[in-house]
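These notes concern the structure reproduced below.
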Amino acid sequence: MPDRYHIHTTITPGRFYRVGKFGGIDWREDCARCSECVKPRCNYEVHEHEALHNRDPRAALRPLYECKACFSCVQGCTKGLLSLSINPEYLEMGDEYWTPDIIHTTWVQADAGKIPVSGAGYRGPFHGTGFDSIWTDMSEIVRPTRDGIHGREYISTSVDIGPKPMRLEFSPDGRMITPPAHLLEIPLPVILDIPAWPVRETGLALARAAAARRLGTVAVLFARDAAAVPESDLGSVVPIVSAEDIEKRRDLIRNSSSMIQLPDGPEIDAAAAEVRKLKPRSIVSVRMTLRPDTADRLVALAGKGLKVFHLCADPHGRERGGDGTPGRHIKDALREIHGRLVGEGFRDEITLITSGGIALAEHMAKAIICGSDLVAADTALLVALGCRVCLNAHSLLIDGADLGSPEFRDPECPIKSAAGDLHYAARRMVNLMGAWHSQLIEVLGAMGIREVRRLRGEVGRAIFREEIEKEAFGDLDRMPMEPVTA
Amino acid sequence: MTTTIADLKRQNNERYQRPGNSDYPQETVERIVRPAPDRYRNAIGKFKVDRLANCIACGRCAEVCSYGVHAKPEGYKYTIRPQDYRCIGPACLETGQDCVSQCPVHALRVRLNPNAECLGDPRWSSDLVLATWHMAETGHRPPAHLEYRLGESGGGFDRIRFKFEVDGSEPDRALADKPEDPASNSGPEADTGLELNRRGDNRPRIRIDIPVYGGGMSFGSVSIHTILAKARAMTAWNSFTCTGEGGYPDRLKPYDDHVITQVATGLFGVREETIRRVRIVEFKYAQGAKPGLGGHLLGDKNTPDVAQMRGAVAGNALFSPFPFHSVYSVEDHKKHLDWIKEVNPRCLVSVKVSTPTDVDMVAVGSFYAGAHIIHLDGSYGGTGAAPDIAKKNIAMPIEYAVPKVHKFLSAESIREKVTLIASGGIRTAYDALKAIALGADGVVIGTTEMIALGCVRCSTCESGRGCPRGIASTDPEMVALMPLDWATQRLINLQNAWREQMIYVLKKLGLPSIQSLRGRTDFLCYMDDSINTKDVAK
Ligand code: SF4
Ligand code: SF4
Ligand code: SF4
């Protein structure tokens, strides 16, 4: 058995202003200073901390947001002077996909790398679109992996990137003629990708490379940024090199990890050949925007010997339609692509990496169930550093933004100061991935699946809303959502 | 002389001539509805009534308000602080006979209570929490301004209605608003009883008066007052409560006849004696809120009392593994049930499972292993502490599992031989009725009881000293926050309100009993947002 993969997390509190959900309102002028004050009895010492904070001349002028909204003080105050309200700033964070709750849980996971645990049952909507219309399976009886979570057995989260031969071929005299496969094995099915809105900040790229090295995975970097990465981390870097630049970036290609990304383009197979000439064992991955016709393109490229694809969806996990409008969610796109490749008979030769819209650990598991081999974390890494997904005038990478162009919009952003401290930034990224990894183990353990490789495309171990609704409620009469009254 | 199994059986039978199996004197609890107002000084309502400083204390508001929001008791100089949780809001303001318009100096204002907006979530909306509090306080349906049937989750039960609710035949509740349901007071009552043993074996037939019993909550995860209140209320309603996995506190003994002993994967606190004294034993394979994952009691909650009962060391976190490590097949499963049946020859056996994709197969397997009750625990149920990822994503919600299993058991021609119980996301009486119409025989509730006791769903049950409201804590100071008598009354009231609503619905449907509602999906409809109202009107 290989050494158990373990992510070393370090408690690293965020240095950014953390918006909280609940704020207390206190009509202090009516306070009777009675002997039954509820404030000292708060289970979480919220009032005491706030009082100290407010008296500290050096403390920042911002609320602490420690209240858990248990209403004990609100309901107990002898004169009814306390009340709670929801912080509008909290509700304004993010957008309909990167919800305030997702942003908040990401901050917490990046603090210490722990799985978010809470009491009381599930609180959210019954279902949603995209990944929120999938439930993962569990297994009621003993399966060999059962003990994995609490430590006695091993659940593997490793995946391989690279062209895998479907079968070995031998010459008549018995020599193997299939060239040996060169695979990049990473111990968790996530690579660290460029955020959907690139912040022009080399520090962020360096932190990503450092985090990738500590995690044992790889980080995708623009060649420009990769040139600044110290030698110690270069082995964990996947540079994006455009076809024209291959010659110019030859040292980088030689010294970085075995994977190189080439943006999809007309001469992609020639470019791939050029890279392989420079570095014979390299794994060329094609970076492409996920589109409705991606499956066709993959089949065509696979015919030309390209086997690793990085499919970039938009920040909400949707493909980009021909007219630029958002299309299907990656869950549907992946099922189609995976099915197509299976039908063509060479799915196992191919590696699919999916990015965009992977916001939570569960998205990683669900994308893999839908047919991806692994995913790439992008925006989530920014959120770990305090990003609130304000999308404040950023250019989106998916629009083909050229970082060098004068139109590229790259506003001032708190991320830049976070990225200034490389270790702080890298630790928070490592923590987040640590929390994701533990959650993936929970999901795999519940299913009784021993390794994440076997999860790929296992749609039978998931419950899809459209299908189960038909099975469970198909025989109910339908009524329009607005009740018809006589 | 050696004792044979046959001897043991005979001895057991002689010992258990009474209806129950306990040799401890059993207490009765009166089934009486009495008011049990909020145990906090400031009850929270949907609306807030502000009285401004220019009030001249004329007392007019106290005269006009028929809901008791305002009061100026004899001899008082000032009108006392508005009891605004009783206020029904705009529905009153429209009448013109309201305090706001009648106040001579315009000192009153009614608005939505910001506190209420902080309460709740899509599953348990603020209205639903307040409505459940109202039912626990009064024992009856809440007034029209509180939605007490549906949450705001946008799926499952919240998308299903009884047809009479939407075809315009039901009078507008806002108009016909009286706290009590008139339906429950007139004519013969529909029968809400539920038969638990359908196997036709030689074990006792047990009938409960309501199609509801209480879910397992272990000593350790909730306070002893919570456990006892649940047991006492279910004793009053001639139903059951369950120990959960954490042993059998001695203080439960007076209610043995209404307690289900749970045997779960950690086997914490399970002894032959605790299996013998009850009428139902429940095997817990999995829990809906954390399906596929084991139980976990944090070290802080493992106080010396808890540890003693569980046979563990205080202060250590306690894990119960998942699943039973002796069960690899239906045959192994049967051996487990046979073991229990041997230890207690007069008990019924329930098997609690969560809801994997093959839940239908699991249910059939449990039947062939000898279960009397198959208890499906859906994935949106409650828990003391579980990973968020599990609560949201793993296994299917109960709304899907019930029809799936019901149809499968029917196709196997064994549906009439087993009792199917649904839990994990049954929040309201309407949820329970819908689950039954989808194919369950009855339901198990947990979170609803916690809400009735004053839970605000702050989700902090597991941290530090535990529940700040004294419901799910073992810290003595916190436990003292909730008196036992009050808690018992709240739960008795809750069940009364539920039962009134069940009878109301059964009457609307023209059914004589809750059992005749089972599987009647023809009474239900699904609210589909892809259908346009206009298309239907055409
Ligand atoms: S509501 Fe609860 S957590 Fe918040 S300040 Fe009051 S007592 Fe503390
Ligand atoms: S009617 Fe107005 S002035 Fe009179 S007691 Fe009420 S609030 Fe005060
Ligand atoms: S801690 Fe909060 S959620 Fe848990 S039982 Fe207490 S009030 Fe309810």
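The values are calculated or read from the model by the stated rules, or taken from the named source; none is laboratory data. In this text, all values refer to a predicted model and were calculated from it rather than measured experimentally. Don't worry about glycine lacking a Cβ; one is built from the backbone with ideal geometry, like all the others, and counts go over all protein chains shown. In case anyone asks, the SASA skips ligands and DNA or RNA and just uses the protein heavy atoms, side chains included. Shrake-Rupley method; radii C 1.70, N 1.55, O 1.52, S 1.80 Å.
Observations on the model:
- Out of A:Ser118, A:Ser139, A:Ser85, sole residue that is over 30 Å from B:Ile451 (Cα atoms), out of contact with any Lys or Arg (no Cβ under 7 Å at 6 or more places or on another chain) and at the interface with chain B (Cβ under 7 Å from one of its Cβ atoms): A:Ser139
- Of all residues making up the stretch B:208-233, the number that are modelled with pLDDT under 95 and surrounded by fewer than 21 Cβ atoms within 10 Å (Cβ to Cβ): 1
- Annotation note: Cβ proximity below 7 Å between a residue of the stretch A:319-342 that is in the same structural domain as A:Ala367 (by TED's automatic domain parsing) and open to solvent by 60 Å² or more (accessible area, probe 1.4 Å) and a residue that is among the basic types (Lys, Arg) and part of a strand (DSSP E or B) (sequence gap 6+ or interchain) occurs for A:Pro326/A:Arg318; A:Pro326/A:Arg320; A:Arg328/A:Arg318.
- Residue in the stretch A:428-435 that is open to solvent by 40 Å² or more (accessible area, probe 1.4 Å) and either in contact (Cβ under 8 Å) with a residue 12 or more places away in the chain or away from every other protein chain (no Cβ under 14 Å) (or both) present: no
- Helices (runs of 4 or more DSSP H) lying entirely in the stretch A:223-287 (those with 2 or more residues that are aliphatic (A, V, I, L, M)): A:223-226, A:250-255, A:268-278
- Options A:Ile11, A:Ile103, A:Ile115: the member that is in a helix (DSSP H, G or I) and β-branched (Val, Ile, Thr): A:Ile103
- Among the residues listed as B:Ile227, B:Ile208, the single one being within 22 Å of B:Ser516 (Cβ to Cβ) and of a type in the set (A, V, I, L, M): B:Ile208
- Yes/no for B:Trp486 being assigned to a helix (DSSP H, G or I), at pLDDT 95 or above and surrounded by 24 or more Cβ atoms within 10 Å (Cβ to Cβ): no
- Unique residue being at pLDDT 85 or above and open to solvent by 10 Å² or more (accessible area, probe 1.4 Å) when the list is A:Asp160, A:Asp137, A:Asp147: A:Asp160
- Residues within the stretch B:120-129 that are in contact (Cβ under 8 Å) with a residue 60 or more places away in the chain, more than 15 Å from the chain's Cα centre (by Cα) and on the phi < 0 side of the Ramachandran plot, tallied: 3
- Reported count of residues in the stretch B:248-275, each being more than 27 Å from B:Leu484 (Cα to Cα) and in a helix (DSSP H, G or I), is 1.
- Filtering the stretch B:438-483 to residues that are among the small types (Gly, Ala, Ser) and buried (at least 24 other Cβ atoms within 10 Å of the Cβ) leaves B:Gly439, B:Ala440, B:Gly442, B:Gly446, B:Ala452, B:Gly454, B:Gly466, B:Gly470, B:Ala472, B:Ser473.
This table checks each residue for (1) surrounded by 11 or more Cβ atoms within 10 Å (Cβ to Cβ); (2) away from ligand 2 (no atom under 16 Å from the Cβ); (3) within 13 Å of chain B (Cβ to nearest Cβ).
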residue	(1), (2), (3)
A:Ile25	yes, yes, yes
A:Val38	yes, yes, yes
A:Glu45	yes, yes, yes
A:Ala60	no, yes, no
A:Pro63	yes, yes, no
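- Unmet requirement for B:Glu117, which otherwise passes all of (1) within 14 Å of chain A (Cβ to nearest Cβ); (2) away from ligand 1 (no atom under 16 Å from the Cβ); (3) free of Cβ contacts under 8 Å to residues at least 24 places away in the same chain; (4) of a type outside the set (Lys, Arg): (2)
- So B:Ala91, is it more than 14 Å from chain A (Cβ to nearest Cβ), small (Gly, Ala, Ser) and under 28 Å from B:Gly454 (Cβ atoms): yes
Quick grid of which residues meet (1) away from every other protein chain (no Cβ under 12 Å); (2) closer than 17 Å to B:Ile160 by Cβ:
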| position | (1), (2) |
| --- | --- |
| B:Pro387 | no, no |
| B:Glu399 | no, yes |
| B:His406 | no, yes |
| B:Glu416 | yes, no |
| B:Ile426 | no, yes |
| B:Gly446 | no, no |
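- Count of the stretch B:393-421 residues which are of a type in the set (Lys, Arg) and open to solvent by 40 Å² or more (accessible area, probe 1.4 Å): 2
- Top-ranked residue in the stretch B:47-74 [being open to solvent by 70 Å² or more (accessible area, probe 1.4 Å) and within 27 Å of B:Cys118 (Cβ to Cβ); ranked as nearest to ligand 2 (Cβ to nearest atom)]: B:Leu52
- Just one of the numbered conditions (1) touching a strand residue (DSSP E or B) at 6+ places or on another chain (Cβ under 7 Å); (2) open to solvent by 20 Å² or more (accessible area, probe 1.4 Å) is not true of A:Ser83: (2).
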